[in-house]
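Take a look at the structure below.
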Amino acid sequence: MDTLNRFLFDNHPIRGEITRLEQTYQAILDNHTYPVAVQTLLGELLVVTSLLTATLKFEGDIAVQLQGDGALSLAVVNGNDQQQLRGVARVNGDIADDATLKDMVGNGYIVITITPKNGERYQGIVGLEKETLIGCIENYFMQSEQLPTRLFVKTGVHNNKPMAAGILLQVLPANDNTDESFEHLSALTETITSEELLQLSTDEILYRLYNQEEVRLFETHEITFKCICSRQRCEDSLMTLPENEVDEILKEDGGNIDIHCDYCGKHYSFDAIDIAEMRSKRKVNYH
Ligand SMILES: [Zn+2]
């Protein structure tokens, strides 16, 4: 099971989160043949989004999106407060196995969109000023929340399956003189190896890192892959197009409009009869 846990230290004003993802990561890589470097980046993006989502204090969702003029034009992961995640990348061109973030994205930036169920949408834009995605996200926390935050993220293969995991440490708001605690716990956390983070259980990792500390571990939340696409959503977006345009696509595509979801690989097909039904349904609704 993919999991997320929050934890606190009794003797330090620092909070933590730990997330471990296997099936969700696999689901995002399924039905795609991404270059190795993009697979790794999607794993990191997945961990980052899960950790970010867990910092939400309200119902809603988060999208973390990388975009630029490089061969990787887009990589995005969406998550919500239920820890349901999905993600996709768009690649046009070759990407070397050892490509850096800049190599892949080119001139680009990260857009973080937070959409509360009730309330206003917030959007933060972070430049690619650091060499890694993780460095850029740490910058984002500093800029947007003025809270020192460290992320420790690893991706790799465990039991022949892709696996991604990460730990977040963040200073609790409204605390002074936190530097020493934060540095101390960061130094401890930095000693985690990929093998440990990917293979050990959450309890084992926390014991391995903080056995000299008093750690309070909170309940486990399950993380799942969930796509929000549906036939209804496809219908809704088709109905926003002018009728003649829809008729044109129908004709060109041999009597069927095929909509393919990049996130989960599902296909939705609409023929002329479906379209006619959708239109009459809408006309009834208007009266
Ligand atoms: Zn889908």
- Message: Charges on Cβ only, +1 for Lys and Arg, -1 for Asp and Glu, centred on the Cα centroid of the stretch 19-156; of 96, 119, 152, which one is farthest towards the dipole's positive end?
- Response: 119
- Message: For residue 14, what residues show an amide H to amide H distance below 5 Å, using hydrogens built from the backbone and excluding near sequence neighbours?
- Response: 9, 172
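Which semi-axes, in whole Å and largest first, does the equivalent ellipsoid of the chain have when worked out from the alpha carbon gyration tensor as the square roots of 5 times its eigenvalues?
40, 21, 18
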- Using the per-residue mean of other Cβ atoms lying within 10 Å as a proxy for protection, in what order, highest first, do the peptides 74-87, 30-43 fall? 74-87, 30-43
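Report the gain in length on full extension from residue 102 to residue 208: 0.36 nm times residue separation, minus Cα-Cα distance, nm rounded to one decimal.
Answer, rounded to one decimal: 34.8 nm.
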- Item | Antiparallel DSSP beta bridges within the stretch 2-225, percent to nearest 5 | 95
- More than 21 angstrom apart: percent of Cα pairs within the stretch 50-132: 35
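Taking the beta-carbon count within 10 Å as an exposure proxy, list 192, 167 from fewest neighbours to most.
Starting with the residue having the fewest Cβ neighbours, the order is 192, 167.
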- Query: Rounded to a whole number, what is D in µm²/s for the stretch 77-197 from Stokes-Einstein with the Kirkwood radius over alpha-carbon pairs (10 °C, 1.306 mPa s)?
  - Reply: 93
- Message: Show me the helices of the chain, taken as full DSSP H stretches, that run 24 Å or more along their long axis by Cα and average -0.5 or above in Kyte-Doolittle hydropathy.
- Response: 36-54
- Expressed in nanometres to one decimal, the distance between label points 7 Å along Cα→Cβ at residue 251 and residue 271 is 2.0
- For the stretch 231-286, size of Cβ-based charge dipole, Lys and Arg +1, Asp and Glu -1, in debye: 360
- Message: Give me, ordered by chain and number, the residues 5 or more places off residue 81 or on other chains with an amide H under 5 Å from its own placed amide H.
- Response: 60
- Kindly write out, for the stretch 85-102 in residue order, the coupling ³J(HN,Hα) from the Karplus curve 6.51 cos²θ - 1.76 cosθ + 1.60 (θ = phi - 60°), rounded to whole Hz, with x marking Gly and Pro. 10, 8, x, 7, 10, 10, 10, 10, x, 7, 10, 5, 4, 9, 4, 7, 4, 5
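Can you run the Rg to Rh ratio on the stretch 231-286? Use alpha carbon positions and the Kirkwood inverse-distance Rh.
Numbers: Rg = 11.4 Å, Rh = 11.7 Å.
My calculation puts Rg/Rh at 0.97.
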- Query: Quick one: in the stretch 1-147, what % of C-alpha pairs are over 28 Å apart?
  - Reply: 18
- Starting from 0 in steps of 5 Å, tell me what percent of the Cα-Cα pairs of the stretch 150-248 lands in each bin. 2, 9, 14, 15, 13, 9, 6, 6, 6, 7, 6, 4, 2, 0
- Proxy exposure order for 58, 270 (fewest C-beta within 10 Å first) is 58, 270
- Charge dipole of the chain about the Cα centre (unit charges at C-beta), most positive-ward option of 163, 24, 40: 24
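Read the figures in this text as sums done on the coordinates, not as results from a lab. This is a predicted model, so every value here is computed, not measured. As a convention, Cβ positions derive from the backbone with ideal geometry for all residues, glycine included, and neighbour counts pool all protein chains shown.
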